[in-house]
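Below you'll find the structure, written out as structure tokens, and then a few comments.
Here, each number is a calculation from the coordinates, and none is a lab measurement. Since the structure is predicted, the reported quantities are computational estimates derived from the model, not experimental observations. So basically every Cβ, Gly included, is an ideal-geometry build from the backbone, and we count neighbours across all protein chains shown.
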Amino acid sequence: MYTHENLRGRAAVITGGSGVLCSAMAKELAKQGVRIALINRTLEKGQIIVDEIRALGGEAVAYSADVLDRPSLEQVRDQIIASFGQVDILITGAGGNQPGATTTNEVFGEGDASQTFFDMDAQAFSKVFDLNFTGTFLTSQVFGKELLKSKNPVILNISSMSAYSPMTKVPAYSAAKASINNFTMWMAVHFAEAGLRVNALAPGFFLTEQNRKLLTNEDGSLTDRSHKIMTHTPMRRFGKPEDLLGTMLWLVDERYSGFVTGVTVPVDGGFMAYSGV
Ligand SMILES: NC(=O)c1ccc[n+]([C@@H]2O[C@H](COP(=O)([O-])OP(=O)(O)OC[C@H]3O[C@@H](n4cnc5c(N)ncnc54)[C@H](O)[C@@H]3O)[C@@H](O)[C@H]2O)c1
């Protein structure tokens with residue numbers, strides 16, 4: 001059933017498309033008749049999602065590229081244009097964190113810490129910042145010219161609650177996501193007259209592979225950090241990937257959001273609205 005009929009036949013490029021959140025977006029867009037190009041570093045992971053989409057009658061192709069490697073993105077762009085002939089939607093979902101760019105403790109001087117602020121590896125810090133920010137910038141540059149040939153082009157960036165007030169322990173990730181909000185506004189202004197809309201989605205807390213170790217113990221029970229998240233999420237649950245889909249469809253479909261550009265929309269169960277008291 002197509003609920004967004006005018007998206008039918010369009011082509012979407014989704015980086016990080018084999019991940020938990022973006023694979024759900026890919027499947028929903030495919031249901032609307034959008035042709036999907038998934039970009040991940042590991043082709044096999046993208047292929048699993050492509051097979052699922054095809055089994056449901058959708059059209060999708062998996063590609064391997066690193067969002068920090070321009071030549072690999074350019075090569076994939078040329079392949080996508082050769083097979084789909086166009087790019088109308090870009091979702092920049094590739095992102096994540098890594099242990100070298102985190103502090104062990106939330107607060108300096110609190111108990112034993114294997115990694116304090118001063119021990120953080122500058123290279124790991126840059127890698128996390130680059131993956132979440134520069135990866136979005138490079139992808140926008142590489143696919144931007146193709147998007148500008150589309151009648152209704154749109155970019156949807158993926159931000160985080162950490163963009164507004166940084167999550168403890170993950171400074172590089174938080175700084176990069178804050179940059180995504182800023183860059184979304186910059187791009188929206190820069191390309192408004194050219195007809196390209198640029199918005200972002202800021203998910204609250206979703207239990208996925210990239211944060212499973214921070215949020216659950218080995219026996220599956222919630223960590224102290226998860227209990228804090230629940231306390232600060234008025235809807236008292238983690239998000240489910242499906243929770244993002246309505247906002248995604250709204251933002252990529254100009255019939256519903258044709259005058260919306262430069263915004264980041266929280267999908268967070270009320271996390272951002274809650275002051276803690
Ligand atoms: N899970 C959450 O609670 C949450 C909250 C807010 C924002 N986000 C953001 O949503 C996006 C998706 O997150 P997720 O939870 O589905 O994570 P995920 O780990 O399941 O997916 C991330 C995807 O990015 C891909 N990727 C990583 N580095 C790459 C690179 N250099 N080049 C190409 N692809 C690369 C991975 O292969 C993976 O498919 C990320 O940007 C993340 O920061 C997640």
Just give me the residues in region 188-233 being exposed (fewer than 13 other Cβ atoms within 10 Å of the Cβ) and more than 20 Å from THR136 (Cα to Cα), in sequence order.
GLU193, GLU209, ARG212, LYS213, ASN217, GLU218, ASP219, GLY220, SER221, ASP224, HIS227, THR231
Restricting to region 114-156, what's the tally of residues that are assigned to a helix (DSSP H, G or I), among the acidic types (Asp, Glu) and over 17 Å from ILE81 (Cα atoms)?
2
Matching option when the condition is β-branched (Val, Ile, Thr), assigned to a loop (DSSP other than H, G, I, E, B) and over 25 Å from MET167 (Cα atoms), among THR104, THR3:
THR3
All conditions in (1) out of contact with any Pro (no Cβ under 9 Å at 6 or more places or on another chain); (2) within 13 Å of the ligand (Cβ to nearest atom); (3) part of a helix (DSSP H, G or I); (4) farther than 20 Å from THR103 by Cβ are true of ARG225 except (4)
Hey, GLY96 hits all of (1) more than 29 Å from THR223 (Cβ to Cβ); (2) surrounded by fewer than 21 Cβ atoms within 10 Å (Cβ to Cβ); (3) under 14 Å from the mean Cα position of the chain (by Cα) but one; which does it fall short on?
(1)
Matching residues, region 2-42, being at positive phi and either surrounded by fewer than 24 Cβ atoms within 10 Å (Cβ to Cβ) or more than 9 Å from the ligand (Cβ to nearest atom) (or both):
GLY9, GLY33
